[in-house]
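First the structure, in the form of structure tokens, and then the observations on it.
Throughout, read-outs are computed from the coordinates displayed, never taken from laboratory work. Remember, predicted model here, so these are calculated numbers, not experimental data. In this analysis, Cβ positions are derived from the backbone assuming ideal geometry, glycine residues included, and neighbour counts consider all displayed protein chains.
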Amino acid sequence: MKSQFPIGLHINKLSRIISRKVDAAVLNVIDDNITVSQAYVIDFITDNKDKDIFQKDLELEFDLKRSSVSLMLNNMEKHDLIKRVPVAGDARLKKLVLTEKAVEISRKISSAIDSVEGKLLENMEQDEINSLLNMLGKIRSNIE
């Protein structure tokens, strides 16, 4: 039975619009040597700075194959964005650490993303935001 209110369709369209806006904002603040995917990796590592991040974490977070992540990390290392640092107790395991260059870029990326997030919430009251988050949580629970 077809729904009267195609909520999934609206959410899908909105998701694509938001994704394009965030990508454009991020592209605007990074230089030509960095891809949007690399920018999101930098942002992910920054957001999780309280714990060690490994290649496997990126594979899971971004749903990418090991070879794709490995290639990306090699390029990021080549452009002085990350360092792979051995972990005490297991020399095979290398945590990913941002360089100073990447930390500076991270500030710009965060600012660009925050700008888009601010636009999303423009003209909304806090109770409306809370209700929206509550409803989105319910929709997510229903679909998972």
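Relative to the longest principal Cα axis of the chain, at what angle does helix 126-143 sit, 0 to 90 degrees, rounded to 10?
80
In a Gaussian network model over the chain where Cα atoms closer than 10 Å are linked, find which of Ser106, Ser67, Ser37 has the largest mean-square fluctuation.
The residue with the greatest mean-square fluctuation here is Ser67.
Once both axes come from the Cα atoms, what is the angle between helix 66-78 and the longest principal axis of the chain, in degrees from 0 to 90, rounded to 10?
60
Could you calculate the FRET efficiency of Asn33 with Asn142 from 1/(1 + (r/R0)^6), where r is the beta carbon distance between them and R0 is 41 Å, rounded to 0.05?
Numbers: r = 42 Å, r/R0 = 1.03.
Once the sixth-power term is evaluated, E becomes 0.45.
Of Lys51/Lys78; Lys21/Lys78; Lys94/Lys119; Lys94/Lys138; Lys65/Lys108; Lys13/Lys108, which pairs sit farther than 30 Å apart, going by alpha carbon to alpha carbon? Don't skip to the end; give the middle numbers.
Values: Lys51/Lys78 24 Å; Lys21/Lys78 28 Å; Lys94/Lys119 38 Å; Lys94/Lys138 38 Å; Lys65/Lys108 28 Å; Lys13/Lys108 27 Å.
Lys94/Lys119; Lys94/Lys138, as the Cα separations exceed 30 Å there.
Can you list residues whose amide H is under 5 Å from Ile82's amide H, if they're 5+ apart or on another chain and H is modeled 1.01 Å from N?
Amide H neighbours of Ile82: Glu77, Thr99.
Sticking with the crude label model, points 7 Å out along Cα→Cβ, report the distance from Asp52 to Ile129 in nm, one decimal please.
For the pair Asp52/Ile129, the computed spacing is 3.6 nm.
By count of other Cβ within 10 Å, fewest leading, how are Arg20, Arg92 ordered? Numbers along the way, then the final one.
Numbers: Arg20 11, Arg92 6.
The fewest-first ordering by Cβ neighbours comes to Arg92, Arg20.
Build a GNM of the chain with springs between Cα atoms under 10 Å: which of Ile42, Ile109, Ile129 gets the top mean-square fluctuation?
Of Ile42, Ile109, Ile129, the Gaussian network model singles out Ile129 as fluctuating most.
Between Lys78 and Ser19, how many nm apart are label points set 7 Å from Cα along the C-beta direction?
2.7
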